[in-house]
Amino acid sequence: MISKLFSAILGSLRDLAPILLVVLFFQIVVLHQPFPEVGRLLAGLVLVVLGLTFFVYGLEQGLFPIGESMAHAFACKGSVPWLLSFAFALGFGTTVAEPALIAVAGEAARVAAAAGALEDSPAAIGRYATGLRLTVAFSVGLAIVIGVLRIIRGWPIQWLIMGGYVAVVVMTSVAPREIVGIAYDSGGVTTSTITVPLVTALGVGLASSIRGRNPMVDGFGLIAFASLTPIIFVMAYGMVMQ
């Protein structure tokens with residue numbers, strides 16, 4: 001276990017090396033400035049490396065295996081309603097707890113209040129942010145259900161994706177301008193630290209458990225749905241709020 005953890009730390013350093021080189025180049029060569037509070041920066045770098053290491057190691061040891069095993073168990077159980085219920089709950093639960101979504105929803109609510117789009121009070125800002133988070137979480141839950149149905153039925157992913165983006169283009173032309181940017185960002189923040197590992201493990205585990213399905217072809221693609229449907233739903237949310 002110690003050797004695996006040490007290898008994970010080396011892997012994190014390797015992954016962070018390009019970022020460090022970019023920062024060093026622009027700080028020293030372009031800006032010609034020394035780093036302020038070098039000790040504090042080094043301590044922060046150590047924490048980042050350790051945090052990334054434990055996060056990735058935890059995914060490999062915990063979230064990926066449990067996601068795949070639960071998908072396999074539901075496939076063996078043969079109950080499609082339970083499988084779809086689990087898919088929706090997984091998509092909703094992981095998204096509503098997503099730190100990036102919480103940050104974007106809170107910032108969007110504060111900006112909307114400052115622009116006069118809603119009452120500038122903590123209660124109104126909180127309601128707007130919560131409504132936005134729940135809308136995105138619901139849309140991701142629905143997206144995972146669609147993705148699971150695609151794996152079960154063997155539907156081609158390209159037609160679903162193209163249909164979704166046609167809907168995005170149409171809604172972009174009719175949705176309030178103030179919500180369009182937030183909608184597109186909401187689609188991006190849903191595919192972050194919590195959602196991606198569990199949803200990916202669900203898709204791969206399910207495709208591996210169903211006869212005639214290829215994990216490489218059918219197991220991936222759920223994240224695409226999870227980033228597409230929030231755009232549609234948030235623009236619809238903005239239209240309703242307006």
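The values are calculated or read from the model by the stated rules, or taken from the named source; none is laboratory data. Model, not experiment: these values are computed from the prediction. When we count neighbours, we look across all protein chains shown, and the Cβ atoms used for this are built from the backbone with ideal geometry, even at glycine. Just so you know, the surface numbers come from the protein's heavy atoms only, side chains and all, with ligands and any DNA or RNA stripped out. Shrake-Rupley method; radii C 1.70, N 1.55, O 1.52, S 1.80 Å.
The figures follow:
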| quantity | calculated |
| --- | --- |
| Matching residues in segment 113-140 - criterion: being open to solvent by less than 40 Å² (accessible area, probe 1.4 Å), at pLDDT 85 or above, over 12 Å from the mean Cα position of the chain (by Cα) and not small (Gly, Ala, Ser) | Ile125, Tyr128, Leu132, Thr135 |
| Looking only at segment 91-112, and only at residues there that are assigned to a helix (DSSP H, G or I) and either modelled with pLDDT under 85 or among the acidic types (Asp, Glu) (or both), the one that is most open to solvent (accessible area, probe 1.4 Å) | Glu107 |
| So Ala17, is it within 17 Å of Leu198 (Cβ to Cβ) and either touching a helix residue (DSSP H, G or I) at 6+ places or on another chain (Cβ under 6 Å) or part of a helix (DSSP H, G or I) (or both) | no |
| Selection status of Ala43, more than 25 Å from Val196 (Cα to Cα) and exposed (fewer than 14 other Cβ atoms within 10 Å of the Cβ) | yes |
| Enumerated helices (runs of 4 or more DSSP H) restricted to segment 143-212, each holding at least 1 residues that are more than 14 Å from Phe233 (Cα to Cα), of a type outside the set (A, V, I, L, M, F, W, C) and touching a helix residue (DSSP H, G or I) at 6+ places or on another chain (Cβ under 8 Å) | 177-189, 195-209 |
| Residue in segment 221-240 that is open to solvent by 50 Å² or more (accessible area, probe 1.4 Å), at pLDDT 85 or above, more than 26 Å from His72 (Cβ to Cβ) and aliphatic (A, V, I, L, M) present | yes |
| Of all residues making up segment 167-214, the number that are open to solvent by 30 Å² or more (accessible area, probe 1.4 Å), under 29 Å from Ser69 (Cβ atoms) and either free of Cβ contacts under 8 Å to residues at least 24 places away in the same chain or in contact with a His (Cβ under 8 Å, 6 or more places away or on another chain) (or both) | 4 |
| Boolean, Val148 is under 20 Å from Ala71 (Cα atoms), buried (at least 19 other Cβ atoms within 10 Å of the Cβ), of a type in the set (Val, Ile, Thr) and within 19 Å of the chain's Cα centre (by Cα) | yes |
| Scan of segment 70-79 for residues that are closer than 17 Å to Leu222 by Cα and either in contact with a His (Cβ under 7 Å, 6 or more places away or on another chain) or open to solvent by 60 Å² or more (accessible area, probe 1.4 Å) (or both), ordered by number | Met70, His72 |
| Identity of the residue in segment 20-69, of a type in the set (S, T, N, Q) and part of a helix (DSSP H, G or I), that ends up farthest from Leu202 (Cα to Cα) | Gln27 |
